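Asks: Before anything else, here's the structure in question.
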Ligand code: KG4
Ligand code: ZN
């Protein structure tokens, strides 16, 4: 079965075709970063309008790369939430219309389930069960994955998501948007010992996170500095170390509490090299294995939606006459 996947939940227009026998056939991404950069963050209405301009040509270019068929694919999957409502509506209405027009089933996919299953596209995918750390611009979640669709939230951020903390801190330091890659780049030159920011909530039991206080600590530190390139690098390094350390502490705690032997990192912040290296090392110390998608499939993409769609269709989801409801807010436990 060939599944076309469409992702438009935020500021990336993604599309891909996943073949259940042959794997990922083709994927494309059109980033809107340059469009939103001048505003220092995503402008929802501009995001939706750009998806409208970009999506159909992107799908056309994908179809041109695979052998022609009638219908061109056997099913269509799109991100139905959570995300920006206007942006979601574009992908959902296009996906739904294509499914109807081609006479194939269509299925709305949960964006975070897409992230969670993205490591399955790698050559050595994790076996179930596992613990997943989902860290994106909108979410910070630790999830116990007993089976596909059997998700238990172990912990989550009580305020800012990890990616949001990266983005806000980068803005504060004048590093621009998106903040995660900008902080990671600046931190390469930074002194890890100069700023020791706190590791929020690690001294309390439980697996929840809180990142807004960390951002305030950075603001306070930045106020008393001249913020030349060296100081920005040092602050960025201190901030990155604090977030990475906090995430690792909670991941190891989640592995110990659940008794799982595998952990998956996914979502945009999962592209962070220091996080990948640190978690691999610390999980190794307790005999657990770490899995993550290739960096381009950590951030938003169509491939993870095509794959998650194929999994959901195999489980009986999807419809020949799908509606295109979208849900801006949608818990992963409610799928
Ligand atoms: O999953 P994603 O592409 O979109 C959402 O669903 O939110 O995640 C985007 C987030 C942004 O906050 C971005 O700053 C962060 O992921 N990010 C990173 C890195 N690359 C992207 N954060 C830290 N280090 C990175 N290398
Ligand atoms: Zn995402």
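Asks: Would you mind telling me which numbered condition in (1) away from ligand 1 (no atom under 12 Å from the Cβ); (2) under 23 Å from residue 264 (Cα atoms); (3) in contact with a strand residue (DSSP E or B) (Cβ under 7 Å, 6 or more places away or on another chain); (4) not in a strand (DSSP E or B) residue 112 fails?
Replies: Looking at each condition in turn, residue 112 falls short on (1).
Asks: Which residues, taken from the range 284-308, are out of contact with any helix residue (DSSP H, G or I) (no Cβ under 7 Å at 6 or more places or on another chain) and either on the phi > 0 side of the Ramachandran plot or free of Cβ contacts under 8 Å to residues at least 60 places away in the same chain (or both)?
Replies: 284, 285, 287
Asks: Now a separate question. Restricting to the range 215-241, count the residues that are out of contact with any helix residue (DSSP H, G or I) (no Cβ under 6 Å at 6 or more places or on another chain) and within 30 Å of residue 152 (Cα to Cα).
Replies: Here the count works out to 1.
Asks: For the range 116-123, does any single residue satisfy the condition of being within 22 Å of residue 310 (Cα to Cα), part of a loop (DSSP other than H, G, I, E, B), without any contact (Cβ under 8 Å) to a residue 12 or more places away in the chain and away from ligand 1 (no atom under 12 Å from the Cβ)? Steps first, answer last, please.
Replies: Keep residues of the range 116-123 that are within 22 Å of residue 310 (Cα to Cα), which gives 116-123.
From the residues that got through so far, the ones that are part of a loop (DSSP other than H, G, I, E, B) too are 122-123.
Retained after the next criterion (residues that are without any contact (Cβ under 8 Å) to a residue 12 or more places away in the chain): 123.
After this cut, where a residue has to be away from ligand 1 (no atom under 12 Å from the Cβ) as well, the list is 123.
The answer is yes; a qualifying residue exists.
Asks: In addition: Could you tell me which numbered condition residue 178 fails, if it satisfies all but one of (1) under 23 Å from residue 223 (Cα atoms); (2) more than 16 Å from ligand 2 (Cβ to nearest atom)?
Replies: Among (1) under 23 Å from residue 223 (Cα atoms); (2) more than 16 Å from ligand 2 (Cβ to nearest atom), the lone unmet condition for residue 178 is (2).
Asks: Looking at the range 289-308, is at least one residue touching a strand residue (DSSP E or B) at 6+ places or on another chain (Cβ under 7 Å), more than 30 Å from residue 75 (Cα to Cα) and either away from ligand 1 (no atom under 15 Å from the Cβ) or modelled with pLDDT of 95 or more (or both)?
Replies: yes
Asks: Hey, another quick one. So, of the residues in the range 133-173 that are in a loop (DSSP other than H, G, I, E, B) and away from ligand 2 (no atom under 14 Å from the Cβ), which turns out to be surrounded by the fewest Cβ atoms within 10 Å (Cβ to Cβ)? Don't jump to the end; show me each part of the working.
Replies: Keep residues of the range 133-173 that are in a loop (DSSP other than H, G, I, E, B), which gives 136-139, 148-149, 158-161, 173.
Checking which are away from ligand 2 (no atom under 14 Å from the Cβ) leaves us with 148-149, 158-160, 173.
Working: 148: 17, 149: 15, 158: 13, 159: 16, 160: 21, 173: 23.
Result: 158.
The values are calculated or read from the model by the stated rules, or taken from the named source; none is laboratory data. Please read all numbers here as calculations on a predicted model, not as lab measurements. Backbone-built Cβ (ideal geometry, glycine too); neighbour counts: all protein chains shown.
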